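In what follows, a single structure is set out as C-alpha cells and then discussed.
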Amino acid sequence: MFYKLISKHAREKFLGANVSESQREQHKKRSVRVIKGDTVRIVRGEYAGIEGKVEKVNTERSTLSIEGVQREKIRGGNVKVQIHASNVQIITLNTEDDYRMKSKEKEKEKVKVKEKKEKVKKGKEIKKEPTKKKELVKVGST
C-alpha cells in the first residue's frame, strides 16, 4: 500500500540483491539489481535453498517470481509465490541485457583511467603515441 507513495526511481533500490562470491570476483560487484533472467538462490524464509530463474519482477512491491517456487491453494491449483528481492542471492547474472553490460564496460574504463593517474603520480611517464597531423589539400579551380 505504501509502495505507491515512493517514486519509481527510488523503488529500484529495493530490488537489489547480493551476488555470490564466485560472481563477485568475476563482475567486481557486491550487489546488483535483480532482473528477469537472473538465476537466484533463496537464502531466507520457507523456500530457503531453492534455486531458479527469475520469471517476473514486481517493482511496486520489490518481489520476484522464481521458477519452481509455488504454493498449493486450498481449492486446488498452484500459485507462484512472491519472494522479496532482499531474501535472494544472485548466482548467475543475465548478461544478455545490453544496458547492464554497457555500465560494466564504463566501469572498466574508469578503472583504466584511475590506474593511469596513479602511474603519473608515482613519477612514471606515460608514453603517448605521436599524433599524425592531417594535411590540408587545396583544390584549385581551373
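Among the conditions (1) more than 20 Å from Tyr99 (Cα to Cα); (2) in contact with a Gly (Cβ under 6 Å, 6 or more places away or on another chain), the only one that Arg33 does not satisfy is (1). Check the range 77-96 and report whether any residue there is part of a loop (DSSP other than H, G, I, E, B) and surrounded by 14 or more Cβ atoms within 10 Å (Cβ to Cβ). Yes, because at least one residue in the range 77-96 is part of a loop (DSSP other than H, G, I, E, B) and surrounded by 14 or more Cβ atoms within 10 Å (Cβ to Cβ).
Tell me, which residue of the range 97-106 that is in a helix (DSSP H, G or I) and touching a residue at least 12 places away in the same chain (Cβ under 8 Å) is surrounded by the fewest Cβ atoms within 10 Å (Cβ to Cβ)? Full working, then the answer.
Quick first cut of the range 97-106, residues in a helix (DSSP H, G or I) only: 98-106.
So of that shortlist, the ones also touching a residue at least 12 places away in the same chain (Cβ under 8 Å) come out as 100, 104.
Values: Arg100: 16, Lys104: 14.
Among residues in the range 97-106 that are in a helix (DSSP H, G or I) and touching a residue at least 12 places away in the same chain (Cβ under 8 Å), the one surrounded by the fewest Cβ atoms within 10 Å (Cβ to Cβ) is Lys104.
Pairing each residue of the range 107-127 that is under 23 Å from His27 (Cβ atoms) and among the acidic types (Asp, Glu) with any residue that is at pLDDT 80 or above and surrounded by 10 or more Cβ atoms within 10 Å (Cβ to Cβ), provided the two are 6+ apart or on different chains, yields C-beta distances under 9 Å for Glu107/Lys28; Glu107/Lys29. Could you check, for the range 13-29, whether at least one of its residues is in a strand (DSSP E or B), in contact with a Gly (Cβ under 7 Å, 6 or more places away or on another chain), of a type outside the set (S, T, N, Q) and in contact (Cβ under 8 Å) with a residue 24 or more places away in the chain? No: zero hits.
The values are calculated or read from the model by the stated rules, or taken from the named source; none is laboratory data. Fair warning: this is a prediction, and the values are worked out from it, not measured in the lab. Cβ: placed from backbone, ideal geometry, glycine included. Neighbour counts: every protein chain shown.
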